[in-house]
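One structure is given below, encoded as structure tokens.
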Amino acid sequence: MSRSCGLLVLVLAKGLSVKLFSRFGVVSVQPIPFRLFLSSLILAIIVAMPAAAQTSASPPSSPVGLTSSGPSPDQTSQPAAEGVLSDQPISLNFQNIDIKALLQVFADFSGANIVATDGVSGVVTVRLNQVPWRQALNIVLQSKGLVTRQEGRVLWVSKPGEWELHEKRMHEAQSALEAVSPLAMLSLRLQYARATDVAQRLQGGAAGSVAGRWLSARGSVLAEPRTNQIFISDLPARLVDLEKMLIQLDVPVRQILIEARIVEADDQFGQSLGVRLGAGMAIPLKVQGSAHQLSVGATNAATAAGTVSGNQVNLPAGLAGQTLNSPSTFAVSLFNAAADRFINVEISALEASGLGKVVSRPRVVTADQTKALIEQGTELPYQTSAGNGVTAISFRKANLKLEVTPQITPDGSVVLEVDVNRDSVGQITPAGYAINTKHVRTQVRVEDGGTVVLGGIYEETDRHDEAKVPGLGELPGLGWLFRKRDQTRRKSELLIFLTPRVIADGRP
């Protein structure tokens, strides 16, 4: 009706008369007088206004009906570029409506761009009251076994598997096109990254590996280490992406100064008291007229001026927790004029104390996410068996080692993966020197310029040892002649501090 009125107004505005019959339009046009033209124009305007008002106020026709508590249909039929309605409630009451027609109802109501593929067909009966239109759309699609896919501002509706088949065909067509497309060449001079490393990553790591490959099947790359240039031959579209990626990769890497402080403190004290006691006698005997001598106890053979050998009690003093000095001794020997009766007493004692402090400060500078290693120490030789009775000399390290891998976080902190080793030469053994090992491996997060304590080892030893002759060692007053005592106290502590500093402008 509105189209007919609009056509009538247009004809009258031209000063023409029109005769309409049947449904196929205009069959004749003739000129009319000015007065008749003016009156006809006014009549046409009056007739057209109610029709236009009725058209704008009525919703799209449907078999049964569509109502909404949201905006008016004029607002909901705006194109998607002006915004899609949020989840406004919608009421639907349709019987045996074609699914594509129902999708058109949703598109008109919401302003969304909905496209249905050729496989979408069938009718549906639905009655919903005040349901969000997105939920109502999902209910309708689930009832027909359909799926949706959002692509930009367009919502595609298709059968399950139809879109995947479409994408597969598109991929096959694209692959076939790439197989015959001409290749192009891209050359770049890298400023910070190493060309050989970048070329290896573009090819997927190890030679022949396709995992993580950035090039196409026909692409190839050549790295020139002398000029640090990289040459890539590939499809033009792929070269554009590779150039953007290489520009983002070829940036200077930030550097970090890492300083470690390893503090070792040792305090020890030891006492040891021991004794050696021996007695002997020689008794002359005559057996069948022959002179003999019976010796009881230790021998009385002289070994030095004023001393004789032989002890029944041999409990000398120990080393009191140290290995450098031997205990002091005081010996007394008593014997008669004939030197056939004697008593040997030797007292040994040692008291030792020590206080030590070792501070080690290894420092190393490394790039972000690059492992750094610094070590200092001694290699100790020891013998190993090479078979067939042949021995060989091997070496083992006893050193101070700092191994660290830093990572700078976006907020300026530093994540450190640290391995600190502090070895020292221990006591001598028949197989060689023993090595005292102190090792810390951890991962920490530290602020730039901050200091963190990685860990500490605290040892305290308090030892009392006693050795004695049963029974005699308990005698009051004289028991010390048959007893040995050792007392050792030791305290040791190890602390490891770590301080990372991000280097700015080439200076820490």
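The values are calculated or read from the model by the stated rules, or taken from the named source; none is laboratory data. On a predicted model such as this, the values are computed, not experimentally measured, just so you know. Positions of Cβ are backbone-derived with ideal geometry, glycine not excepted, and every protein chain shown enters the neighbour counts. Surface areas here come from the heavy atoms of the whole protein model, side chains and all, with no ligands, DNA or RNA. Shrake-Rupley method; radii C 1.70, N 1.55, O 1.52, S 1.80 Å.
A few comments on the model shown:
- Cα-derived Rg over Rh, computed across region 315-467 with Rh taken as Kirkwood radius: 1.22
- Length released on extending from Gln376 to Ser175, taking residue separation times 0.36 nm less the Cα-Cα span: 66.6 nm
- Hydrodynamic radius by Kirkwood, which averages 1/r over all alpha carbon pairs of region 110-241, in angstrom: 19.2
- For region 361-508: relative contact order, % (alpha-carbon pairs under 8 angstrom, 6 or more apart): 17
- Share of Cα-Cα pairs in region 379-423 lying beyond 18 Å, as whole percent: 58
- Qualifying chymotrypsin sites (Phe, Trp or Tyr not before Pro) in region 125-212, where qualification requires a DSSP coil assignment and no more than 12 other C-beta atoms within 10 Å, comprise Tyr192.
- Extension gain, Val453 to Arg361, is 31.7 nm, computed as 0.36 nm per intervening residue step minus the present C-alpha separation.
- Measuring max minus min along each principal axis, the C-alpha atoms of region 136-196 give extents of 59, 31, 20 Å (largest first).
- The stretch between Gln104 and Ile283 holds 51.0 nm of extra length on full extension. This uses 0.36 nm per residue minus the Cα-Cα distance.
- Both radii are taken from the alpha-carbon atoms of region 82-162; with Rh as the Kirkwood radius, Rg/Rh is 0.93.
- For region 351-419, the solvent-accessible area works out to 64 Å² per residue, with a probe of 1.4 Å and every protein chain left in place.
- Per residue, the Cα convex hull of region 420-499 amounts to 154 Å³.
- Translational D in µm²/s for region 91-131 (Stokes-Einstein at 20 °C, 1.002 mPa s, Kirkwood Rh from C-alpha pairs): 197
- Amide N of region 379-411 lying under 16 Å from the label point, which is placed 7 angstrom from the Cα of Thr429 along Cα→Cβ: 380-385, 394-398
- By the Cα gyration tensor, region 311-404 has an equivalent ellipsoid whose semi-axes, rounded to whole angstrom, run 54, 24, 8 from largest to smallest.
- When peptides 437-449, 97-109 are ranked by their average number of other Cβ atoms within 10 Å per residue, the highest-first order is 97-109, 437-449.
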